Amino acid sequence: MNIAIIGTGNVGGALATNWSKKGNTINLGVQDKNYFKGQELLKNKNTSVYSINEAVAKSDVILIATPPTAIFEIIGQMGDVSEKIIIDATNAVMKSPEPYKTVYHALADKTNAEIVKCFNTTGFENMLNPTYNGEAVDMFMAGDNEKAKSVARQLALECGFDTCIDFGKSDKVELLEKFALSWINIAIMQGQGRDIAFKVVRR
């Protein structure tokens, strides 16, 4: 797949690294090609840097891993995203992109892309390595578009997650962000450390 990464910090960098290892073409979309966070990602195979508009034009899938309030500027720079898949990996648990409750809802209203919420419920360390004691943990997603969900599931498996559990449609996007806040609460606020993760177990 050709994947644009908008937001080249910890989360975007971890996913870009793992996806490049699986042979995907990674197009980093940045404001300044000469100076941006995550320049070391260019050492990964199949990885190049472009303006946001160029990266989107070259890609079928777009990952957004930026602060939520940046989404309006990003939408203005992406250009035509019709028939493209956008993965929203942001969390608006601290600050929302008003008047929208989440980036997912802003994208759904202001673009005609196929959107899915995913890769927002755990720390970047688990995206780099989702294996605990020989067992892979789970990823989670939500949204209305089944094609976008299928792609998110595939990319989660490529990262090494055991599965990508469907939280439901767009009415569950906010719940998925609260689920992310649960991880933040346990790992950071309660001081349990970032090397923890969620997995659904069954009898």
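The values are calculated or read from the model by the stated rules, or taken from the named source; none is laboratory data. The model shown is predicted, which means the values in this text are computed figures rather than measured ones. When we count neighbours, we look across all protein chains shown, and the Cβ atoms used for this are built from the backbone with ideal geometry, even at glycine.
Within the range 45-64, count every residue that is in contact with a strand residue (DSSP E or B) (Cβ under 7 Å, 6 or more places away or on another chain), assigned to a loop (DSSP other than H, G, I, E, B) and at negative phi. So the answer is 3.
Look at Ala65 and say whether it is of a type outside the set (Phe, Trp, Tyr), out of contact with any Pro (no Cβ under 7 Å at 6 or more places or on another chain), modelled with pLDDT of 95 or more and within 20 Å of Ala142 (Cβ to Cβ). In short, yes.
Residue-wise test of (1) at negative phi; (2) exposed (fewer than 15 other Cβ atoms within 10 Å of the Cβ).
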position	(1), (2)
Pro67	yes, no
Ile85	yes, no
Val103	yes, no
Asn112	yes, yes
Cys118	yes, no
Glu125	yes, no
Gly134	no, yes
Val137	yes, no
Phe140	yes, no
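Which of the residues belonging to the range 13-32 are among the aliphatic types (A, V, I, L, M) and in contact with a Ser or Thr (Cβ under 8 Å, 6 or more places away or on another chain)? Scanning the range 13-32 gives Ala16, Ile26, Leu28, Val30.
The residues of the range 48-65 that are surrounded by fewer than 20 Cβ atoms within 10 Å (Cβ to Cβ) and either farther than 30 Å from Glu98 by Cα or among the hydroxyl-bearing types (Ser, Thr, Tyr) (or both), listed by number, are Ser48, Tyr50, Ser51.
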